[in-house]
1. Which residue pairs have Cβ atoms under 7 Å apart, sit 6 or more places apart or on different chains, and have a first residue in the stretch 72-93 that is open to solvent by less than 70 Å² (accessible area, probe 1.4 Å) and a second that is assigned to a helix (DSSP H, G or I) and aliphatic (A, V, I, L, M)?
2. Consider the stretch 18-67. How many of its residues are assigned to a helix (DSSP H, G or I) and either among the β-branched types (V, I, T) or under 15 Å from the mean Cα position of the chain (by Cα) (or both)?
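The values are calculated or read from the model by the stated rules, or taken from the named source; none is laboratory data. Just so we're clear, the structure is a prediction, and the values are computed from it rather than from any experiment. No Cβ is skipped: glycine too gets one built from the backbone with ideal geometry, and neighbour counts run over all protein chains shown. Just the protein is used for accessible areas: all its heavy atoms, side chains included, with ligands, DNA and RNA removed. Shrake-Rupley method; radii C 1.70, N 1.55, O 1.52, S 1.80 Å.
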Amino acid sequence: MVRMSVLADALKTLNNAEKAGKRQVLIRPCSKVIVKYLQVMQKHGYIGEFEIVDDHRSGKVVIDLIGRINKCGVISPRFDLKLGQIEQWTSNLLPSRQFGYIVMTTSLGIMDHEEARRKSTGGKILGFFY
C-alpha cells in the first residue's frame, strides 16, 4: 500500500495509541514536517518528550504520551488561511475557544493559529489537535 500522507499516518497512529492508553508510540517514517508538528504539540503540553531515531533510512520518532490528546488530525487538502479566516476555521474544527490548536504552515515556519495571529500572518492549514 502506498503512503499518501506521512503526516496523516503519523497523527492517526498517535491518536490510536492515545486511545489505547499507551505510554509510548513509535512513528515511522519521520519527516521535518512531523517533527515541527510534534514540537508545537510539545510546546502546549499535549505530548511529553520525543526522540528522533536515525536509522539511515527515513527515520523514526519515539514519543512519550501523557494522556492529554483527545483528537488530532490532518486537514487535506492544505487550504489557504487568511488572517481573517482563522476565527472561522477554529470555530469549525475545535470544540471550544478555550482549548485546542490549529497547526498551520506559514512563511515564518510551522506554528499554531494563536502564534500566527500574534505575528499577523496567514498560511496553509496542516491540521489540528485538542
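1. Here the result reads C72/L11; C72/L14; G73/L11; V74/L7; V74/A8; V74/L11; I86/A116, each pair linking the stretch 72-93 to a residue that is assigned to a helix (DSSP H, G or I) and aliphatic (A, V, I, L, M).
2. In the first step, residues of the stretch 18-67 are kept if they are assigned to a helix (DSSP H, G or I); the result is 18-19, 32-43.
When the remaining residues are screened for being either among the β-branched types (V, I, T) or under 15 Å from the mean Cα position of the chain (by Cα) (or both), the result is 18, 32-43.
Matching residues across the stretch 18-67 total 13.
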